[in-house]
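Heads up: the structure comes next, in structure tokens.
Here, each number is a calculation from the coordinates, and none is a lab measurement. As the structure is a prediction and not an experimental result, all values here were calculated from the model. Methodologically, a virtual Cβ is constructed for each residue, glycine included, from the backbone with ideal geometry; neighbour enumeration extends over all protein chains shown.
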Amino acid sequence: MKYFKFIVLTKKEGSVSKHSLPNKILAWIACKVLPMSNPTFDKKYADVVTWYIEYDDDKNYTSREIGTDASGNVIVKGPYKKNMGFWTDSDFTFEDYMDRFPIQYIDKVTYEKLWDD
């Protein structure tokens with residue numbers, strides 16, 4: 001297993017908000033037609049500042065994830081109860097993370113402490 005974290009970049013000035021009227025309408029339609037994979041956490045993903053990832057390098061997939069807010073509080077994790085997770089539900093490889101984010105390795109103890117929060 002590999003354990004790492006990365007900070008999500010904030011939106012740039014003038015970018016289209018996911019809370020704009022057209023996006024809200026599309027999201028509403030999608031929720032009515034498609035089952036939600038993260039019913040408890042879906043609205044909290046926009047508040048995630050730092051992601052903590054547990055990556056299974058033997059099987060090449062994200063096995064667990066934790067998202068914290070600007071104060072460092074755990075606000076999402078997955079898979080957890082009815083929530084599949086944001087990254088665990090993707091097909092990101094470790095190389096994808098390396099290419100797209102400035103990852104920092106962390107140890108398993110740090111990860112498990114956050115998971116238990």
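With a sphere of radius 15 Å drawn around the Cβ of ARG64, what net charge do the other residues whose Cβ falls strictly inside it have (Lys, Arg +1; Asp, Glu -1)?
-3
Given labels modelled 7 Å from the Cα in the Cβ direction, how far is it in nm from LYS59 to VAL74?
2.0
Can you put TRP87, TRP115 in order of Cβ neighbours within 10 angstrom, beginning with the fewest?
Ranked by crowding around the Cβ, least crowded first: TRP115, TRP87.
What distance in nm lies between label points placed 7 Å from Cα along the C-beta direction at LYS81 and ARG100?
Roughly 2.7 nm, to one decimal.
Just to confirm a number: summing +1 for Lys and Arg and -1 for Asp and Glu over residues other than VAL49 whose beta-carbon lies under 11 angstrom from that of VAL49, what do you get?
-1
Among LYS44, LYS5, rank each residue by its count of other Cβ atoms within 10 Å, from fewest to most, as a rough exposure measure.
Ranked by crowding around the Cβ, least crowded first: LYS44, LYS5.
If we count other beta carbons within 10 Å of each Cβ, what is the order of GLU95, GLU112, GLU54, fewest first?
Ordered from fewest to most neighbouring Cβ atoms within 10 Å, GLU95, GLU112, GLU54 come out as GLU95, GLU112, GLU54.
What FRET efficiency would be calculated for the residue pair THR110, LEU9, taking the C-beta separation as r and a Förster radius of 35 Å, to the nearest 0.05?
0.95
So if we plug the beta-carbon distance of THR93 and THR50 into 1/(1 + (r/R0)^6) with R0 = 25 Å, what FRET efficiency do we get, rounded to 0.05?
My answer for the efficiency is 0.75.
Give me the net charge of LYS5's neighbourhood, meaning all other residues with Cβ under 15 Å from the Cβ of LYS5; Lys, Arg count +1, Asp, Glu -1.
Charge balance in the 15 Å sphere: 0.
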